[in-house]
Amino acid sequence: MSRTHRIAVLAGDGIGPEVMTESLRVLDAVESKFGFTTERSEALVGGAAIDDGGHPLPDATISACEASDGILFGSVGGPKWENLPPDTQPERGALLPLRKHFGLFANLRPGVCLPSLTHASPVKNELIPNGFDVLCVRELTGGVYFGSPKGREERDGETVAFDTMIYKRSEIERILHVAFTAAMGRGKRLVSVDKANVLASSVLWREVATEVAKDYPEVELEHLYVDNAAMQLCRRPDSFDVLVTENLFGDILSDEMAMISGSLGMLPSASLGSKKEGSDLYFGMYEPSGGSAPDIAGQGIANPIAQILSVAMLLRFSLGEADAAQAIEDAVAKAIDDGYRTGDIATGAASEKKVGTKEMADAILAN
Ligand code: NAI
Ligand code: MG
């Protein structure tokens, strides 16, 4: 019996459509190899949608996403739309509302530097002899970014401003289940990052992490304070497998990890919502960690790997096609091992095959 999945395809702006085209060719290839099909609903988002009908997130786009098992997203934004009022700009007006609309509370950002690309990492190469491969699981819809009260007022003749870091037990539990599940599928080591020596919300976080750990006896759980975690990522990057943390800490640590990984053009991401009824799969949105790269858009030189690996994450977490996902990841690693390099990861060494967007995808397809 053939398996059919529905996906929404939102290519967006800048390099988005260029890398999306290549990632869909890779999806075609794994579909025929692994015997499933996807029904793809392409919809406008971001600047492209503003140009078409005046709004960065049209109702038709939301409907296409609602009817899907997962969303494949390119990137949005660019200089053309920069001066619009904030809430109607491509990123603020499309990306954030999409996350909110679908309750995408778990942000998965793999920080991966393949062994042959460690030259791109600013970390001393002897610290990452086997490359770097850590998954950051960041809580995305709670914490200090959304807590109330939040505001600014005059008190005793002086301006004060305040935010509230707040977490419900249920919010911590669900993100920890995502992280433990991810750890089960990898090296079975999880580091939970908090600031339990100072913050009440972190004390609860640590308690809940310790409780949830009982459901996953095979996973080794370690707790680190966030300041120490930031140091250890630089000092012993090799020792991490999966890291889970709240919204603000995750925002900062995932950028640190992206930097250690070297190139933005290599890094996918997933934003997951609830598990689907009676299933281990999540509804989610998958996109490169970088943006629309207007500086290189339209030249056919963008690295398509972040988008292609986003397809792999979609297959793994939303469509239940783990073998196809693994095949894509292996094919990408082999293309890199074989020396194929887009501009962002090239060093100019004679052994490298300098390629553009399409040729990189061709190399991956051939694998
Ligand atoms: P950016 O990630 O687009 O670009 C930063 C640098 O990384 C640029 O030099 C770019 O050429 C390079 N880069 C990024 N992806 C690449 C790839 N696949 N291959 C080769 N090089 C790559 O970030 P920037 O410049 O801050 O923002 C540009 C636009 O993208 C802005 O309008 C911003 O609002 C938007 N943006 C959208 C995001 C999204 O859709 N999720 C996320 C971040 C920014
Ligand atoms: Mg970003």
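Remark: the chain carries a charge dipole of roughly 400 debye about the Cα centre, counting +1 on each Lys and Arg Cβ and -1 on each Asp and Glu Cβ.
Could you size up the charge dipole of region 1-76 around its Cα centre, putting +1 on the beta carbon of Lys and Arg and -1 on that of Asp and Glu, and report it in debye to the nearest 20? Could you put the intermediate results ahead of the total?
Working: 5 positive and 12 negative charges, 74 e Å.
The dipole magnitude comes to about 360 debye.
Its Cα centre serving as origin, region 1-130 has a Cβ charge dipole (Lys and Arg +1, Asp and Glu -1) of approximately 460 debye. Provide, for region 122-261, the number of lysine pairs with alpha carbons under 24 Å apart, each pair being eight or more places apart or on different chains. Number of lysine pairs found: 6. Once the Kirkwood radius over Cα pairs is known for region 122-261, the Stokes-Einstein relation at 10 °C and 1.306 mPa s delivers a diffusion coefficient of 99 µm²/s.
Only one residue of Ile301, Ala43, Val355 has its Cα farthest out toward the positive end of the dipole of the chain, where Lys and Arg carry +1 and Asp and Glu -1 on Cβ, and that residue is Val355.
Take Met285, Met165, Met259 and order them by how many other Cβ atoms sit within 10 Å, fewest up front.
Details: Met285 26, Met165 18, Met259 15.
Placing the least packed residue first, the sequence is Met259, Met165, Met285.
Under a 5 Å amide H cut-off, with hydrogens placed 1.01 Å from N, Glu222 pairs with Leu190, Val191, Ser192 among residues at least 5 apart or on other chains.
What translational diffusion coefficient, to the nearest whole µm²/s, does the chain have by Stokes-Einstein, given a Kirkwood radius computed over alpha-carbon pairs, a temperature of 20 °C and 1.002 mPa s viscosity? Working shown, then result.
On the way: Rh = 21.3 Å.
Estimated diffusion coefficient is 101 µm²/s.
Projecting the Cα positions of Met257, Ala229, Ala182 onto the charge dipole of region 122-261 (unit charges on Cβ atoms of Lys, Arg, Asp and Glu, taken about the Cα centre) puts Ala182 furthest along the positive direction.
To check you understand DSSP bridge types, tell me what percent of the beta bridges within the chain (both residues inside) are antiparallel, rounded to 5. Please list the in-between numbers first.
On the way: 22 of 52 bridges.
Percent antiparallel among DSSP bridges in the chain is about 40.
Only helices enter the 222 nm calculation for the chain: every DSSP H run of n ≥ 4 contributes -39,500 (n - 2.57), and dividing by all residues gives -11000 deg cm²/dmol, rounded to 500. Listed from fewest to most Cβ neighbours within 10 Å, the set Cys234, Cys136 follows the order Cys234, Cys136.
Each reported figure results from applying straightforward, stated rules to the coordinates on display, with no laboratory input. What you are looking at is a predicted structure, and each value in this text was computed from that prediction instead of being measured. Reconstructed Cβ throughout: ideal geometry from the backbone, glycine too, with neighbour counts over all protein chains shown.
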